[in-house]
Amino acid sequence: MRVTKTVLIIFFMLGACIVSCLTRDGSCESGPPHFRIKGIESTNMRLTTSEPNPWRKIIGNEQVLWDSFFISFNFQADYIAAIVSDYGQSLMALECAEQGYAGDKIGVDTIFVRTMYDYNDTYAAGDTINQIVLIKDWIFFYDDFEKFVPLSNYIVDNHNGVIDQQFQFKLSEAPGKSDSFSIQLSFILNNGEVFQHTTNPVILTK
């Protein structure tokens, strides 16, 4: 009987702690609101017909049709703020919002995208291809693949602070032939910080 009572007491105490995390003054306990960019990483992707998230990762130097290809970028980030419990100890409370939900306080100044290989008659290796790169925050549904916008739109929208921790690129112009493709991304913030990243090669086909 004593063991049962002890178990019940522990159960209700833990339950009360969880509720307190969720309902402190009738509101949720959120994670650190801002993120600070430390670097950039990428994954080559191909469009599929599955829903939601209609894509799959491209493995190695795999071949993919150029008009179903896109690159998913993620910021490596630190989160700015700390969560401290009522008991004076540093604890990770249950969160109602993702870490970094308020974005990066530093905005983007400009972005340069350079092709690492000859792409077509217009763009040779080393050329900036900003004009044929389209961008979107995330693809949730198949139709989202038609909702990419020019890079200039992203720069305007994120000039005062980078909003999301990820973004995705696709190309608006076909390659000259089936060949290797990779880009070097230069992401320049308003404070002068420059983050560079080179994507893994993939074979784009026509």
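Scanning region 161-175 for residues that are at pLDDT 95 or above, in a loop (DSSP other than H, G, I, E, B) and either within 11 Å of the chain's Cα centre (by Cα) or not polar (S, T, N, Q) (or both) yields Glu173, Ala174, Pro175. Looking only at region 180-198, residues that are open to solvent by 20 Å² or more (accessible area, probe 1.4 Å), within 16 Å of Phe112 (Cβ to Cβ) and not in a strand (DSSP E or B) come to 3 in all. Within region 159-171, at least one residue is under 22 Å from Asp104 (Cβ atoms) and out of contact with any strand residue (DSSP E or B) (no Cβ under 9 Å at 6 or more places or on another chain).
Candidates are the residues of region 98-109 that are open to solvent by 30 Å² or more (accessible area, probe 1.4 Å) and not acidic (Asp, Glu); the one that is modelled with the lowest pLDDT is Ala102.
Residue under question is Asn158, and the condition is that it be within 21 Å of the chain's Cα centre (by Cα) and either open to solvent by 60 Å² or more (accessible area, probe 1.4 Å) or touching a residue at least 60 places away in the same chain (Cβ under 8 Å) (or both); does it hold? When the stated conditions are applied, Asn158 does not pass them. Just the residues that are surrounded by fewer than 17 Cβ atoms within 10 Å (Cβ to Cβ) and in contact with a Phe, Trp or Tyr (Cβ under 9 Å, 6 or more places away or on another chain), please, taken from region 45-62. Result: Thr48, Thr49, Ser50, Glu51, Pro52, Asn53.
The set of residues from region 27-77 being among the acidic types (Asp, Glu) and modelled with pLDDT of 85 or more comprises Glu41, Glu51, Glu62, Asp67. Only one of the listed residues (Lys177, Lys147, Lys170) is surrounded by 15 or more Cβ atoms within 10 Å (Cβ to Cβ) and either out of contact with any Pro (no Cβ under 9 Å at 6 or more places or on another chain) or at positive phi (or both). That residue is Lys170.
The values are calculated or read from the model by the stated rules, or taken from the named source; none is laboratory data. On a predicted model such as this, the values are computed, not experimentally measured, just so you know. Quick reminder, even Gly has a Cβ in these numbers, built from the backbone with ideal geometry, and neighbours come from all protein chains shown. Ligands, DNA and RNA are excluded from the accessible area calculation, which covers all protein heavy atoms including side chains. Shrake-Rupley method; radii C 1.70, N 1.55, O 1.52, S 1.80 Å.
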